Amino acid sequence: MKTLLQIEWMKVRNYRTFWILAALFVIAVIGINYISFRINTEVNNTTSAVGLGTGNPFDFPQIWNTMAWMSSMLLYFPGFIMIFLISNEFTFKTHRQNIIDGLSRKEFVMIKLNVALIIAIVTTLIVFLVTLLFGLLGGGKFSLEGIEYMGYFFICSFIYILFAMVIALLLRKAALSVGIYFIYGLIIDNVIPALLRKSFDGKPYGSYIMPLDVADGLLPFPFFKNQVDAILKTPNPYICLVICIAWIIFYYSFSIRKFQNEDL
Amino acid sequence: MNYVLEINDLSKNYGSVQALKNVTYKVPQGTVYGILGPNGSGKTTMLGIIMDILRPTGGGIKLFGEVPTAAHRRRIGTLLETPNFYHYMSAVDNLKIAAAIKRVENPDIEGVLKKVNLYERRDSKFQTFSLGMKQRLAIASCLLGNPDVLVFDEPTNGLDPVGIAEIRDLIRRIASEGKTIIMASHLLDEVEKVCTHVSIMKKGVLLANGTVDEIMANDDMAETGAADINQLKQVLQSMPGQTKVEMGENGRVNIHFSIGSAEPGKINQHCFNNGLTLTHLVMKKKSLEAKFLEMTNE
């Protein structure tokens, strides 16, 4: 597996799009959190925020939840990276050449699944470091309480990346995959659970059945917590976690089976 | 005899289209095996199945006498259909990836690039290459690790006449080292010039296979000419051992014999004895092209 990872590293090392998207993701994570940090500060300065939340969302320990939730809106970036890494192989027909040269079909798809895992880990690491930065600069007292939200964020990003990979495996073309992934994730995946809420008496069952929304359910809305909990019934993160793990197993077996059995 | 490749009753359907119909043959070690057929005859489909990028509908293959695995493919240098490389990477980096996949220790990347005259452009990105250069890089990639078996699908595609001659020389040189080469082509000339064995395919069916001599020659023929054509015809018809006398092209007369029995000296002697002087006498093997057209035109 080490040799195979080295081969993947050679593929991305010279791939400029990869590095640009990665840099944009880092900038966007810092940016989106900074904007909400500023807004939050303004709100706290101008109004009496007592009773709105259970504390400042940008202080430890709430910051783990806040930054994970904010950053999860940017998970399309690592998803795009995954789509390009897969669709490149199809565009250049190097998925065929790699097999011809002596990778087994299973090796080829397993290494891509491992790349997805590594991207999810690095994505989480970036968000962890930015969270640490904001939390410490904010002057609050450091706390590891609520660090589990980083774990949830990791599962969430892994789901977004694997979902992107499966779309790219199915559609093969970069532009088409990116378009469908983005529109689906941004609109369809959110609209259907919202519509279903009515028929489920306001309960969030719809969120459990959508592949991306169930991952979003791992990270609860961090602002005005008391109000939100009272008004809106949010998905249970533990149920979401179980469903997410089931999806991960499904994506793995689907990818392997598809790549092993079809004409390349 | 050891067989590098054994194909057994291989079939492949694309929906309702049958691209391969029960193809069976073997490629002996050390041969230059040409697979000949018009466009769409199933050559690339067959090589694709051998290389595990296509799934057969029926039948099976063996590589080096065993059920094929990725490890067997690493021992074969393959150029299939088009050169497939990462567009944004240089020639050297692309070959590094290929060598890593083939598990070649200390690959001689400079050496293979020199062999195909790409050394000067080794650091250029693949996307800046012309079609001929891409093709040559693909051949360089095949040579990595000095494999004992090479598979070339239309190796001279996109090359200029000089490039074609170079690749032909390269193939001959590789063959002279005792390596096995399997080459698909629709260019008869190419196959005729370098191959020892040939199989002819059409619409997914194997029409014939064997050594080039076996396939090409089912009789010997001599093309003759003289001042008086009618007299020549009469004289030749009286010659013992001939199987057929017919008018050829440009006012020549063709005389046929069974395989291996035609001797130009005897023809000349026979005509001279009958008071006729030949102005033209050429021994002709039926060309692969004629044979091919004859076979594929049903």
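Every read-out reported here was derived from the displayed coordinates using simple, explicitly stated rules and does not represent laboratory data. These numbers come from a predicted model, not from an experiment. Cβ coordinates were reconstructed from backbone atoms using ideal geometry, including for glycine residues, and neighbour counts include every protein chain displayed.
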- Item | Nitroxide proxy distance, nm - points 7 Å out along Cα→Cβ at A:Tyr34 and A:Lys106 | 4.9 nm
- Message: Only counting other Cβ atoms within 10 Å, I'd like A:Asp101, A:Asp59, B:Asp93 sorted with the fewest neighbours first.
- Response: A:Asp59, B:Asp93, A:Asp101
- Task: Pull up the cross-link candidates among the lysines for B:Lys26, meaning alpha carbon to alpha carbon under 27 Å and not fewer than 8 places away within one chain.
- Result: B:Lys12, B:Lys43, B:Lys62, B:Lys102, B:Lys179, B:Lys193, B:Lys202, B:Lys203, B:Lys285, B:Lys286, B:Lys291
- Query: What full-extension length gain, to one decimal in nm, is calculated for A:Arg13 and A:Asn45 as 0.36 nm per residue of separation minus the Cα-Cα distance?
  - Reply: 6.9 nm
- So for the protein assembly as shown: antiparallel DSSP bridges make up what percent, rounded to the nearest 5? 65 percent
- Task: Within segment A:84-115, which residues have the backbone N less than 15 Å from the label spot 7 Å out from B:Arg75 along Cα→beta-carbon, could you tell me?
- Result: A:102
- Take the Cα pairs of segment B:155-298, get the Kirkwood Rh, then feed it into Stokes-Einstein at 20 °C and 1.002 mPa s and tell me D in µm²/s. 122 µm²/s
- Task: Among A:Val122, A:Val109, A:Val43, determine the one that fluctuates most according to a GNM of chain A built with springs between C-alpha atoms less than 10 Å apart.
- Result: A:Val43
- Item | Average other protein chain Cβ within 10 Å of Cβ, residues B:62-73 | 2
- Kindly state, to the nearest 0.05, the FRET efficiency for B:Asn146 paired with A:Asn114, given R0 = 41 Å and r defined as their beta-carbon distance. 0.85
- Query: Gaussian network model of chain B, Cα springs within a sub-10 Å range: biggest mean-square fluctuation belongs to which of B:His186, B:His197, B:His280?
  - Reply: B:His280
- Query: For chain A, what value does the Rg/Rh ratio take when both radii are computed over Cα atoms and Rh is the Kirkwood radius, given to two decimals?
  - Reply: 1.01
- Task: Just need the relative contact order of chain A here, percent rounded to a whole number, with Cα pairs under 8 Å and 6+ apart.
- Result: 26 percent
- Task: Could you go through segment B:26-39 in sequence order and give the Karplus-derived ³J(HN,Hα) for each residue, using 6.51 cos²θ - 1.76 cosθ + 1.60 with θ = phi - 60°, rounded to whole Hz, and x for Gly and Pro?
- Result: 10, 10, x, 5, x, 9, 9, 9, x, 10, 10, x, x, 4
- How many nm is it between the label spots at B:Gln231 and A:Ile187, if each spot is 7 Å from the Cα in line with the beta carbon? 9.3 nm
- Item | Excluding exposed DSSP-loop trypsin sites (Lys or Arg not before Pro) (at most 16 other C-beta within 10 Å), longest clean stretch of chain A | A:1-140
- Largest fluctuation, A:Phe154, A:Phe60, A:Phe250 only, Gaussian network model of chain A with Cα springs under 10 angstrom, belongs to A:Phe250
- Note on the structure: A correct fewest-to-most ranking of B:Val4, B:Val194 by other Cβ atoms within 10 Å would be B:Val194, B:Val4
- Computed over segment A:1-131: relative contact order in percent, which uses C-alpha pairs under 8 Å that are six or more apart: 37 percent
- Note on the structure: Residues whose modelled amide H sits under 5 Å from the amide H of B:Ala19, counting only those 5 or more places away in sequence or on another chain, are B:Lys12, B:Asn13, B:Tyr14
- Query: How far apart, in nm, are the 7 Å Cα→Cβ label points at B:Gln127 and A:Tyr252?
  - Reply: 3.6 nm
- Task: Within segment A:71-86, which residues have the backbone N less than 14 Å from the label spot 7 Å out from B:His87 along Cα→beta-carbon, could you tell me?
- Result: A:84-85
- Message: Relative contact order of chain B, please, whole-number percent, based on alpha carbon pairs below 8 angstrom and at least 6 residues apart.
- Response: 19 percent
- Query: Rounded to the nearest 0.05, what FRET efficiency is calculated for B:Glu263 and B:Ala208 with R0 set to 25 Å and r the Cβ-Cβ distance?
  - Reply: 0.35
- Query: Between B:Thr78 and residues 5 or more places away or on another chain, which pairs have amide H atoms under 5 Å apart, with H built 1.01 Å from N, and which residues are they?
  - Reply: B:Val151
- Quotient of Cα radius of gyration and Kirkwood radius for the protein assembly as shown, i.e. Rg/Rh, equals 1.20
- Message: Restricting to DSSP H runs of at least four residues, report the calculated mean residue ellipticity at 222 nm for chain B, -39500 (n - 2.57) per run over all residues, nearest 500 deg cm²/dmol.
- Response: -9500 deg cm²/dmol
- Message: Can you give me the long-range amide H partners of B:His280? Hydrogens built in the peptide plane at 1.01 Å from N, cutoff under 5 Å, separation of 5 or more residues or another chain.
- Response: B:Gly225
- Once phi is turned into ³J(HN,Hα) by the Karplus curve 6.51 cos²θ - 1.76 cosθ + 1.60 with θ = phi - 60°, what whole-Hz value does each residue of segment B:201-213 show in order, with x for glycine and proline? 10, 8, 6, x, 10, 7, 7, 7, 8, x, 6, 4, 4
